[in-house]
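The values are calculated or read from the model by the stated rules, or taken from the named source; none is laboratory data. Quantities reported herein were computed from a predicted structural model and do not represent experimental measurements. Cβ sites come from the backbone with ideal geometry, for glycine too, and all protein chains shown count toward neighbours. With ligands, DNA and RNA removed, areas are computed over all heavy atoms of the protein, side chains included. Shrake-Rupley method; radii C 1.70, N 1.55, O 1.52, S 1.80 Å.
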Amino acid sequence: MRIPNTSPSSIALFVTAICVNGKCSETTHSTNVLSKHRRIPLTEKPPPLVHCRLHSSYVVEFVCKEESCDNESPLMCLMCRDYGRHKGHNHVLIEKEVEDLREKVREHLTELSRQSEVVDEALGSINQAIHDLSPGEESGTLEETRQEVRNHFRRLRSALDRDEADAVETLDEHARERVDILRSAKDRLEAASTKIGATCHTLQKALIMEKGKILDRSDDLLALAESTAAEKTTIPDSSQLSTRIAFSFANDRKLHIGDFIDSRVVLLGLDGAGKTSIVRRLKKVRIDAVMAPHPTIGFNIETIHYKNYRLTFWDVGGLPKFRHLWKHYYTNTQAVIFVIDGHAVERFSESIKELRKVMSDPLVGPCPVIVAINRKDGSSLNGPMDALLSQLDALPFQHHFHFCDAATGSGIDHVLDQITVCLSRLNGTCPV
Ligand SMILES: Nc1nc2c(ncn2[C@@H]2O[C@H](COP(=O)(O)OP(=O)(O)O)[C@@H](O)[C@H]2O)c(=O)[nH]1
Ligand SMILES: [Mg+2]
């Protein structure tokens with residue numbers, strides 16, 4: 001039990017009760033000294049009184065509200081208010097000020113606890129999102145989305161497998177029809193051959209007959225010879241006997257079998273860039289990696305069949321003294337392949353200069369230009385190669401570029417595919 005200090009301004013004397021069931025306090029307050037004291041529960045115990053720092057026997061009762069007040073503390077006792085540093089200052093009761101402040105603190109607390117709930121909720125959501133997006137988790141949206149992506153590709157693969165099977169079936173069907181036609185032609189020719197053989201045999205025997213006998217049979221023999229000779233024996237032409245099959249694909253990936261389209265492709269580029277080697281590779285001629293450099297004088301011509309194209313490649317000499325002749329080759333051509341040696345860094349700018357000249361010549365017309373960067377697979381780009389690609393990008397003419405390597409053959413198919421895609425666009429035919 002404790003009796004708090006009281007100031008002279010206090011009106012009541014308070015005693016706090018700390019015994020749990022109150023018995024102790026009742027006993028204590030039954031004495032003469034304390035019987036007049038009022039008892040209140042500990043929870044209602046008033047806060048300790050604050051004493052004025054300047055007038056220690058006075059309790060702080062007011063708070064200064066004077067805007068221009070420059071006193072160290074706004075707390076005022078009666079002495080401060082009536083005679084001291086806060087004399088004449090606006091002021092309010094300390095209880096009111098404290099209550100206002102408590103109200104504000106309560107409001108802040110309410111707001112902060114609301115914010116805390118929001119933050120906790122956000123933290124929960126972040127944790128859930130991290131879990132859902134973390135690779136390796138068995139459940140969660142990443143795993144679900146992965147599954148959808150895999151399903152997408154599974155569907156594409158099975159659609160592609162179906163299209164491939166259909167395309168091969170179409171090809172087999174075409175081959176079967178061709179074989180049927182060839183077999184009937186073969187049957188007809190074999191029948192004709194048998195008949196010709198029999199007739200020849202009869203005529204040969206007639207040659208050694210006695211005079212009377214051959215004359216007796218003269219009408220029969222001549223009629224047989226004439227009728228056999230008159231029989232039509234249709235010999236298949238070379239197109240029927242050609243075993244190359246021209247094919248293309250429609251947008252829906254259906255295989256179409258038709259005729260070959262003839263196209264001319266010109267290979268240009270500096271001497272030593274690899275033009276002749278690329279043509280040899282296209283022709284599937286074995287290339288020795290150590291083939292000695294051998295500048296082309298004039299040009300080489302090679303024809304290859306690819307999909308539904310019969311492509312005639314004009315491999316033109318690239319030495320400086322021949323470059324003024326290039327225009328005679330690219331006039332009216334269907335495609336240009338400009339070859340750059342991907343290792344000859346010191347010749348990149350010369351290559352770009354020549355490429356720019358070709359592409360800006362109106363004689364090239366709408367023909368597609370494919371830039372083949374030879375001796376390079378594109379996997380290890382370095383500074384000069386980056387710079388070359390930027391220069392190619394900056395050219396104000398449409399072109400396509402591919403990395404290739406004539407020595408190993410890598411990337412050559414892409415160049416070929418690009419040619420046929422460009423030619424199909426140009427011809428308005430099915431893309432291949
Ligand atoms: N290692 C390597 N050497 C190549 C490649 N392409 C061409 N060469 C060599 O480079 C030299 C010049 O090639 P060539 O085809 O004659 O160049 P062209 O003047 O443009 O026709 C030859 O010695 C070729 O063997 C390639 O992709 N890799
Ligand atoms: Mg050459």
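Of all the numbered requirements in (1) surrounded by fewer than 18 Cβ atoms within 10 Å (Cβ to Cβ); (2) over 30 Å from Phe348 (Cβ atoms); (3) touching a helix residue (DSSP H, G or I) at 6+ places or on another chain (Cβ under 9 Å), Ser242 misses one, and that requirement is (3). Annotation note: of Ser139, Ser116, Ser134, the sole residue that is without any contact (Cβ under 8 Å) to a residue 24 or more places away in the chain, exposed (fewer than 10 other Cβ atoms within 10 Å of the Cβ) and hydroxyl-bearing (Ser, Thr, Tyr) is Ser139. If you go through segment 171-193 and keep only what is surrounded by 13 or more Cβ atoms within 10 Å (Cβ to Cβ) and within 19 Å of Asn308 (Cα to Cα), you end up with Leu171, His174, Ala175, Arg178.
Screening Pro368 with (1) within 18 Å of Ala273 (Cα to Cα); (2) out of contact with any Phe, Trp or Tyr (no Cβ under 6 Å at 6 or more places or on another chain); (3) buried (at least 20 other Cβ atoms within 10 Å of the Cβ) gives one miss only, at (1).
Residues of segment 227-239 that are loosely packed, with under 11 Cβ neighbours inside 10 Å and more than 60 Å from the chain's Cα centre (by Cα): Ala229, Ala230, Lys232.
Of the residues making up segment 371-384, those that are within 15 Å of ligand 1 (Cβ to nearest atom) and open to solvent by less than 80 Å² (accessible area, probe 1.4 Å) are Val371, Ala372, Ile373, Asn374, Lys376, Gly378, Ser380. If only residues of segment 335-364 that are within 16 Å of ligand 2 (Cβ to nearest atom) and not small (Gly, Ala, Ser) are counted, the one that is most open to solvent (accessible area, probe 1.4 Å) is Arg347. I need the full set of residues from segment 297-353 which are within 19 Å of Val371 (Cα to Cα), aliphatic (A, V, I, L, M) and more than 33 Å from the chain's Cα centre (by Cα), in order please. Those that are within 19 Å of Val371 (Cα to Cα), aliphatic (A, V, I, L, M) and more than 33 Å from the chain's Cα centre (by Cα): Val316, Leu319. If you go through segment 75-89 and keep only what is open to solvent by less than 100 Å² (accessible area, probe 1.4 Å) and either in contact (Cβ under 8 Å) with a residue 12 or more places away in the chain or among the small types (Gly, Ala, Ser) (or both), you end up with Leu75, Met76, Cys77, Leu78, Met79, Cys80, Arg81, Gly84, His86, Gly88, His89.
Scanning segment 260-284 for residues that are near ligand 1 (Cβ under 9 Å from one of its atoms), open to solvent by less than 30 Å² (accessible area, probe 1.4 Å) and among the β-branched types (Val, Ile, Thr), which turns out farthest from Ala246 (Cα to Cα)? My answer is Ile278.
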